[in-house]
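Student: Sharing a structure, written as structure tokens. Questions coming.
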Amino acid sequence: MDPSTLLIGAAAFGGLALLTSLRVLYEYERGVVFRLGKLTRAKGPGLIFLVPFGVERMRKMDLRIVALDIAPQDTITKDNVSVRVNAVVYFRVADPTRAVIEIEDYYFATSQLAQTTLRSVIGQSELDQLLAERERINEIVRGIIDQGTDAWGIEVTGVEIKDIDLPQEMKRAMAKQAEAERERRAKVINAEGEYQASTKLVAAAEIIQQFPMAMQLRFLQTVVEIAAENNSTTLFPIPIELFRPFVEAGAPASEEARARALKAAAESMIDALPKGADQDALDSAAKKMLGAVRQAARDKAAPGDPRAGG
């Protein structure tokens, strides 16, 4: 046989062997190498050389974070409320060797574990906790899933509950509760405002009591405020104190003054009678009437009044 032919055949064989033994792995990839079915080690990234002709085989593993969408789960909370919850799980392959050896399909297994864990945690929580403490629920679910997938070489980096779907009856009940809470706050704020205003009014009343003219100034200010509006009828409240000087000036100064006024009225009535009337009888009737008026004035006076004995 021609030596050149043998050399060409050997070169072709060597080139084919070289092509079947070289692999290129990206930075985010690792290659789990099996030699005759037995695990050797994980290689990469970069150019990888394998024993040709199927002696060594490699399985690529992606080390990037995977976002796993959990389908909506129908579950019942601890306080017997039916809810539908969906979430998203973020995980990555931390140990490619264990992810290949320990489990057949780590993606499917992680998805199923996340669904069962989410239903279990929701069932152990009340509705108020689920709505108000979502961060704590996320951390609990992440810890349980990460503990379960640790033996598979999977690291769970985060869990986020995306949506919590409530029944329509529960939504209406929560809306009523929120409305009642807002009304309660409004009433409390209104009562607090009334209390503060009352304290200010008490202080203003004390100042006005010391300075009566302040009431007149306040009255004039109110008139100015009313005049600024387009009203067809305006009512002006007039303090009764304005009439006190006129009442005091027109009233008799004492009981004696009232008695003299009554006596003068009686004498004028007697003078107006006809001349032929019995003068003694008229005088006697006038004296009796004047005495009755004086006695009524004494009875009306208080027992401690010095005018009672006069």
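The values are calculated or read from the model by the stated rules, or taken from the named source; none is laboratory data. This one's a predicted model, so the numbers in the text were calculated from it and none came from an experiment. In this analysis, Cβ positions are derived from the backbone assuming ideal geometry, glycine residues included, and neighbour counts consider all displayed protein chains.
Student: For segment 87-146, which helices (runs of 4 or more DSSP H) that fit wholly inside it have 1 or more residues that are of a type outside the set (Phe, Trp, Tyr), over 23 Å from residue 25 (Cα atoms) and touching a strand residue (DSSP E or B) at 6+ places or on another chain (Cβ under 7 Å)?
Tutor: 106-123, 127-132
Table: residues versus (1) loosely packed, with under 14 Cβ neighbours inside 10 Å; (2) touching a Leu at 6+ places or on another chain (Cβ under 8 Å).
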| residue | (1), (2) |
| --- | --- |
| 97 | no, yes |
| 104 | yes, no |
| 114 | no, yes |
| 131 | no, no |
| 137 | no, yes |
| 158 | no, no |
| 164 | no, yes |
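Student: Pairs please, first residue from segment 36-57 and in contact (Cβ under 8 Å) with a residue 60 or more places away in the chain, second anywhere and of a type in the set (Ser, Thr, Tyr), Cβ atoms under 9 Å, 6+ apart in sequence or on different chains.
Tutor: Once the first residue is in contact (Cβ under 8 Å) with a residue 60 or more places away in the chain and sits in segment 36-57, its partners that are of a type in the set (Ser, Thr, Tyr) give 39/97.
A quick yes/no check of all residues on (1) among the polar types (S, T, N, Q); (2) part of a helix (DSSP H, G or I); (3) in contact with a Gly (Cβ under 6 Å, 6 or more places away or on another chain); (4) closer than 25 Å to residue 132 by Cα:
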site: 170; (1), (2), (3), (4): no, yes, no, yes
site: 177; (1), (2), (3), (4): yes, yes, no, yes
site: 182; (1), (2), (3), (4): no, yes, no, yes
site: 186; (1), (2), (3), (4): no, yes, no, yes
site: 191; (1), (2), (3), (4): no, yes, no, no
site: 197; (1), (2), (3), (4): no, yes, no, no
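Student: Return yes when residue 178 is without any contact (Cβ under 8 Å) to a residue 12 or more places away in the chain and either β-branched (Val, Ile, Thr) or within 30 Å of residue 81 (Cβ to Cβ) (or both) and no when it is not.
Tutor: Against the criterion (without any contact (Cβ under 8 Å) to a residue 12 or more places away in the chain and either β-branched (Val, Ile, Thr) or within 30 Å of residue 81 (Cβ to Cβ) (or both)), residue 178 qualifies.
Student: List the pairs whose first member sits in segment 12-24 and is under 13 Å from residue 50 (Cα atoms), whose second member is surrounded by fewer than 11 Cβ atoms within 10 Å (Cβ to Cβ) and at pLDDT 75 or above, and whose Cβ atoms are under 7 Å apart, counting only residues at least 6 apart or on separate chains?
Tutor: Listed by first residue and then by second, the contacts come to 17/53; 20/53; 22/47; 24/47.
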